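Chemist: Got a structure for you, written out below as structure tokens; questions coming shortly.
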Amino acid sequence: MTTVESPVEYERRAIPEGPVSFEEFLAWTDEDTHAEWVDGEIVLMSPVNLHHQDVLKFLDRLISAFVEAHGLGWVYFAPVLMRLPTRPSGREPDLVFVASNHLSRLHETYLDGPADLVVEIVSPESDARDHGEKLVEYEGAGIPEYWVVDPMRQDAQFYVLDKVGRYRRVSPDADGWYHSTILPGFRLQVAWLWQRPLPPAGEVAQQIEA
């Protein structure tokens, strides 16, 4: 069965009838198609608003600058597929960081296995999925750090795997800084995310190193 979460229709070719394999999904999709593959079903993603894109671009610039400066790995933003064998699923997170020692997981069109850090920016249609379904799924797949950024509620939740493989929520410090576990030395002033307009990433980048 194929499910559609958006009224968007793709005229280039019909959505294949499910269930489909991950390989069939890869053959059908392309870089202009925003979709996920979950339990053999194709799930189309709704278009996002401009503030969602602004927050994504802001986080991408901050994290990418830190990762590149320290030679830690790679940062990609949607649409990049992340294949997780534990469900199985092919998710399309808003932002992923892949550490250098996981280079073998990177393929030409997808990430085969869990990223080291995943960021999801909540939109109205993704609310329940990002806070619930993906939280459970990413925990089970062993993704070390998961951020759920909700611009609508001005709320950010940060989860880190503990020693038994369960997510524990980590709060910012008393001054409002969130200190990443998977990116040691990187910190984020959470209040930046709720500013309109967002602060220029180049101006605040020098503050992100603890």
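Values in this text are rule-based calculations from the coordinates and carry no lab data. Computed from a prediction, not measured in an experiment: that's the story for all the values here. Here the Cβ positions follow ideal geometry from the backbone for every residue, glycine too, while neighbour counts run over all protein chains shown.
Chemist: Determine the sum of side-chain charges near TRP177: Lys and Arg each +1, Asp and Glu each -1, restricted to other residues whose C-beta is under 14 angstrom from that of TRP177.
Modeler: Result for the local shell: -2.
Chemist: Please identify, among LEU183, LEU161, LEU50, the residue showing maximal mean-square fluctuation in a Gaussian network model of the chain using a 10 angstrom Cα cutoff.
Modeler: Of LEU183, LEU161, LEU50, the Gaussian network model singles out LEU50 as fluctuating most.
Chemist: Semi-axes of segment 128-210's equivalent ellipsoid from the Cα gyration tensor, sqrt of 5 times each eigenvalue, largest first, rounded to whole Å?
Modeler: The three semi-axes for segment 128-210 are 24, 16, 10 Å.
Chemist: Now for a separate question. Counting every Cα pair in segment 34-126, what percent are over 19 Å apart?
Modeler: So the pairs more than 19 Å apart make up 42 percent of the total in segment 34-126.
Chemist: Using a 10 angstrom cutoff on alpha carbons, build the Gaussian network for the chain and name the most mobile of TRP194, TRP28, TRP177.
Modeler: TRP28
Chemist: Then there is this: Can you give the local net charge around TRP37? Use residues other than it whose beta-carbon is closer than 12 angstrom to its beta-carbon, Lys and Arg +1, Asp and Glu -1.
Modeler: With Lys, Arg at +1 and Asp, Glu at -1, the neighbours total -3.
Chemist: Rounded to the nearest 5, what % of DSSP beta bridges with both residues in segment 50-207 are antiparallel?
Modeler: Close to 75 percent.
Chemist: Now, a different point. Report the local net charge at VAL190: Lys and Arg +1, Asp and Glu -1, summed over other residues whose C-beta lies under 12 Å from its C-beta.
Modeler: -3
Chemist: Once you compute Rg and the Kirkwood Rh from C-alpha atoms, what is the Rg to Rh ratio for segment 11-70?
Modeler: On the Cα set of segment 11-70, Rg over Rh gives 1.13.
Chemist: Take the alpha-carbon positions of segment 50-207, form their convex hull, and give its projected area averaged over all directions (one quarter of the hull surface) in nm².
Modeler: In nm², the orientation-averaged hull projection of segment 50-207 is 9.3.
Chemist: Neighbour counts of other C-beta atoms within 10 Å: give me LYS163, LYS57 arranged from fewest to most. It would help to have the intermediate numbers written out before the result.
Modeler: On the way: LYS163 6, LYS57 14.
Lowest to highest Cβ neighbour count: LYS163, LYS57.
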